[in-house]
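**Q** Starting off with a structure, shown below.
Every number in this text was worked out from the coordinates using simple rules, so none of it is lab data. The model shown is predicted, which means the values in this text are computed figures rather than measured ones. Cβ atoms come from the backbone with ideal geometry, glycine included; neighbour counts cover every protein chain shown.
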Amino acid sequence: MGLSARDITAVIQEIAPALEAGWIQKVFQPTPRAITLEIRTPGHTLSLFISADPETARLHLLTQRFPNPPSPPPFCQFLRAHIQSARIDGLEQVHGDRIAHLRLTAREGPCTLIAELTGRKVNLLLIDGNGRVMTALEPVREQVGQPYQPPILKLFPEPRVELALIAPEDTDQPFPLSHAIERRYRAREEEVATSRWRQARLTDLKKRIKKAVRRVEVLRGDLEKAARYKDYARYGELLKTNLHAMKKGQEQLTVVDYFDPTMPELVIPLDPSKGPQGNMDEYFKKHRKHVAAEREVRPRLAQAEEDLNALLRERTNLERGLSEPAPSSTRAGGALNTGPVLQTKPNRDARSGPFRRFVSIDGLPIYVGRNARANDALTFGEARPDDLWLHAQGAPGSHVVLRLEKGADPSHETLRDAAALALLYSDLKKSGKGEVIYTRRKFVRKVKGKSPGAVTVTQEKTIFISLDRARLDRLKERAGEIDRQRAAPP
């Protein structure tokens, strides 16, 4: 809870005389809902802190500076443009309410920074000399440019918020009440930041668990489907020994199952549109799908189940209060970050750059060019000679590079991951399927005199690929994890 009206009265009485006739030399916005004004007065530099956070709304002078983000948010930029170098004419409270006015004279004339520290709708606004809103931390629709309307004053009494008692050793402080407020809310902000971190983490976990469950279900479905082909090698062998007894148009064939010691008769279904050889090949082909699923899908399923269980354990620990954020998640340089500390969406800046970045099922990096110049830079600047290069066959599209160690070959699923991206970022995307060519990067050459991205390719191979939603969801999810890691502060 923020300061009461009585507390605001007391702290303004303490600091207002020291601020009057000073001038604002710097403006900072250390958290999403708070600003710090560095004020120069004769012989002193003071830091006025104003928080518009509903949980910790207050104003006071600081003894410890807050760390600031690397680039100022838009609200801070606006204040810097309009009130930096402004003279302070006075700091006043509005008729005993939780509203403070910092009256200023800026280059453009008189203006007022208003701190509405009232309940859940706290806000900071800059008002021009005519009483019109210039900007607001939390702008209301069509508010900017309109006459300022103060909050409606509540008629019932406000509960008193007691401040921590000032210890005797603090009486030497030049602004003892500001110092007491700063100490009190430092602990409170720690609690608020931890609570917000936990809630944001739970929200993020809910989304990740949903995706993990869907992934496990898809992989289990793939295994169950492939399990139906477990005995198809035996059927293929039985057909192989009975090719002479088959003819096109048959729907089934009765054979003796010599793989069973009792030698029973077995009825094998046939595709009437295929001949004897075609039916035999089809059974062997489907059995290879079973073998491939056991070799490739089962380990992926085990890993997906392990990942899901880890997310579920983390959620349980959070719900029981057994997990706490790392110190860097809530505190930096002695000052608290009370804004959201967990990014659940990829940072826009992290997604920028000439290449899209993905990770294959085996953890190998995949790079995708964004345009013709990026394709050229990726293929002839970023890619190494032994990397795998892919492109949709016969259609405009992105260059795709799969990072490989020298002499290494990708697994079948990793190759399909890269090929799916080549198809996705090409003109074949609408059809949802098509052929993708691939070769080592060292076999790709620029075409002289042509526009960037034009190449000739030798020793290429082709792979037919259909866009698979489960595969694309996995690739995009891993790409989002990369974005969050790259966007996280060091």
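**Q** For the pair T63/H95, report the inter-label distance in nm, with labels modelled 7 Å from Cα in the Cβ direction.
**A** 3.7
**Q** In nm, to one decimal, how far is the V144 label point from the R220 one, both placed 7 Å along Cα→Cβ?
**A** 5.1
**Q** Over the chain, one equal point on each Cα, no solvent: what is log10 I(q)/I(0) by the Debye formula at q = 0.08 Å⁻¹?
**A** So the normalised log intensities are -0.74.
**Q** Additional query: Which Cα, out of P365, V444, L205, lies furthest along the positive dipole direction of the chain (beta carbon charges, K/R +1, D/E -1)?
**A** Going by the Cα projections, it comes out as V444.
**Q** So, one more: Highest mean first, how do 423-436, 215-228, 384-397 rank when packing is the count of other Cβ atoms within 10 Å averaged over residues? Intermediate values should be presented prior to the final figure.
**A** Working: 423-436: 17.6, 215-228: 15.5, 384-397: 19.2.
Ranked from most to least packed, the peptides come out as 384-397, 423-436, 215-228.
**Q** Sorted by packing (mean other beta-carbon atoms within 10 Å per residue), highest first, where do 86-94, 469-477, 265-273 land? Could you put the intermediate results ahead of the total?
**A** Numbers: 86-94: 18.2, 469-477: 16.0, 265-273: 13.8.
In decreasing order of mean packing, 86-94, 469-477, 265-273 become 86-94, 469-477, 265-273.
**Q** With everything on Cα atoms, drop me the angle between helix 176-227 and the longest principal axis of the chain, reported from 0 to 90° to the nearest 10.
**A** 10
**Q** Report the calculated FRET efficiency for T456 and V256 (r = Cβ-Cβ distance, R0 = 56 Å), to the nearest 0.05. All intermediate terms of the calculation are to be shown ahead of the outcome.
**A** Details: r = 57 Å, r/R0 = 1.02.
The value I calculate is 0.45.
**Q** If you don't mind, another one. Step through the table entries K121/K210; K406/K430; K285/K442; K433/K476; K210/K285; K210/K476, compare each Cα-Cα distance with 23 Å, and write down the pairs that go over it.
**A** Working: K121/K210 34 Å; K406/K430 35 Å; K285/K442 34 Å; K433/K476 19 Å; K210/K285 34 Å; K210/K476 15 Å.
Pairs exceeding 23 Å: K121/K210; K406/K430; K285/K442; K210/K285.
**Q** Same structure, new question: Stretch A408-T105 to full length: gain in nm at 0.36 nm per residue minus the Cα-Cα span? Could the numbers behind the result be given before it?
**A** Details: separation 303, 0.36 × 303 = 109.08 nm, distance 6.90 nm.
In short, 102.2 nm is gained.
**Q** For the pair R320 and K274, how long in nm is the line joining their label points, each one 7 Å along Cα→Cβ?
**A** 5.3
**Q** Enter the per residue convex hull volume of segment 5-162, computed from alpha-carbon coordinates, in Å³ rounded to the nearest integer.
**A** Values: hull volume 18.9 nm³, N = 158.
Residue-normalised Cα hull volume stands at 120 Å³.
**Q** Between R228 and E190, how high is the FRET efficiency from 1/(1 + (r/R0)^6) when r is the Cβ-Cβ distance and R₀ = 56 Å? Nearest 0.05. Walk me through the numbers on the way to the answer.
**A** Numbers: r = 57 Å, r/R0 = 1.02.
With a Förster radius of 56 Å, E is 0.45.
**Q** What's the extension gain from K121 to S431 if we count 0.36 nm per residue and subtract their Cα-Cα distance?
**A** Details: separation 310, 0.36 × 310 = 111.60 nm, distance 5.08 nm.
Separation in residues times 0.36 nm, less the Cα-Cα distance, equals 106.5 nm.
**Q** Residues of segment 112-130 with backbone nitrogen within less than 17 Å of a virtual label 7 Å along the Cα-to-Cβ line of I152, please, listed as ranges.
**A** 118-122
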